[in-house]
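Student: I am attaching a structure below and will ask some questions about it afterwards.
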Amino acid sequence: MQIDEVIAQWEADEARVRAREGAPGAAPGGKVFGLSGMEMFDAIFAGELPPPPINQTADILAIRIEPGIAVFQGRPSRRHYNPLGTVHGGWFATLLDSAVGCAVHSTLPAGKGFTTLELKVNMLRALNGQVPLVRAEGKLIHAGRQVAVADGQIVGPDGKIYAHATTTCLIFDHAPRG
């Protein structure tokens with residue numbers, strides 16, 4: 001597929017997701033804690049729960065989540081630039097942390113939560129506004145009772161890898177709030 005065709009497909013995927021999602025906001029904790037990871041993501045994609053506010057802040061969007069896999073899309077833009085005129089490393093880290101964290105979360109049953117213990121990001125190429133869209137795909141490597149590991153990469157529409165990450169997450173009981 002040509003780069004223009006990939007961009008058109010990615011933009012169509014984004015439009016489909018945005019047509020269903022509600023306004024960004026924090027979901028009520030009690031409602032989320034009673035759902036499995038996949039049930040929560042399905043509710044967000046159905047517009048029944050709001051997408052997280054960080055998506056709007058960072059210009060990122062969950063495109064597809066299935067058990068053990070999460071695909072996010074991001075629009076690197078000038079507002080994400082560092083003083084050198086390229087996208088700040090924190091933006092790479094935010095996009096990748098979302099993808100790898102959601103890959104882990106998608107496998108958790110109701111009543112379980114997670115937090116990132118460690119995130120390692122390798123930036124392989126600079127990004128700027130000349131690359132209109134990128135995708136980060138996170139994949140679960142291992143999930144135990146207390147620790148999960150996932151990895152992911154940011155890829156451009158030309159197939160180039162812009163960054164790679166690995167994460168270690170702590171899994172814990174998430175009791176509903178009373």
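The values are calculated or read from the model by the stated rules, or taken from the named source; none is laboratory data. Quick caveat, the model's predicted, so the values are computed rather than measured. Every residue, glycine among them, receives a Cβ derived from its backbone with ideal geometry; neighbour counts consider all protein chains shown.
Student: Does residue 114 meet the test of being of a type outside the set (A, V, I, L, M) and surrounded by 20 or more Cβ atoms within 10 Å (Cβ to Cβ)? Spell out the reasoning first.
Tutor: Details: of a type outside the set (A, V, I, L, M): yes; surrounded by 20 or more Cβ atoms within 10 Å (Cβ to Cβ): yes.
Taking the combined requirement at face value, the residue satisfies it.
Student: Further question: Filter the range 1-55 down to the residues that are acidic (Asp, Glu) and more than 25 Å from residue 132 (Cα to Cα) and list them by number.
Tutor: Taking the range 1-55 as the starting set, the residues that turn out to be acidic (Asp, Glu) are 4-5, 11, 13-14, 21, 39, 42, 48.
Those that are acidic (Asp, Glu) and more than 25 Å from residue 132 (Cα to Cα): 39, 42, 48.
Student: For the range 49-63, which residues satisfy the criterion of being surrounded by 15 or more Cβ atoms within 10 Å (Cβ to Cβ) and out of contact with any strand residue (DSSP E or B) (no Cβ under 8 Å at 6 or more places or on another chain)? Please lay out each step first, then the result.
Tutor: Pass one, the range 49-63, residues surrounded by 15 or more Cβ atoms within 10 Å (Cβ to Cβ): 49-52, 55, 58-63.
Hits for the range 49-63 are 49, 50, 52.
Student: Sticking with this one: Is it the case that residue 177 is modelled with pLDDT of 95 or more and part of a loop (DSSP other than H, G, I, E, B)?
Tutor: On the way: modelled with pLDDT of 95 or more: no; part of a loop (DSSP other than H, G, I, E, B): yes.
Judged against the criteria, residue 177 is not a match.
Student: Surrounded by fewer than 12 Cβ atoms within 10 Å (Cβ to Cβ), in a strand (DSSP E or B) and of a type in the set (Val, Ile, Thr): does that describe residue 167?
Tutor: Numbers: surrounded by fewer than 12 Cβ atoms within 10 Å (Cβ to Cβ): no; in a strand (DSSP E or B): yes; of a type in the set (Val, Ile, Thr): yes.
Judged against the criteria, residue 167 is not a match.
Student: While we're looking at this one, here's another question. Considering the range 122-152 alone, what residues qualify as being over 26 Å from residue 36 (Cβ atoms), surrounded by fewer than 21 Cβ atoms within 10 Å (Cβ to Cβ) and either modelled with pLDDT of 95 or more or of a type in the set (Phe, Trp, Tyr) (or both)?
Tutor: Matches in the range 122-152: 122, 123, 124, 125, 126, 133.
Student: Here's something else I'd like to know. Looking at (1) in contact with a Lys or Arg (Cβ under 6 Å, 6 or more places away or on another chain); (2) of a type outside the set (S, T, N, Q); (3) without any contact (Cβ under 8 Å) to a residue 60 or more places away in the chain, which one does residue 148 not meet, given that it meets all the others?
Tutor: (1)
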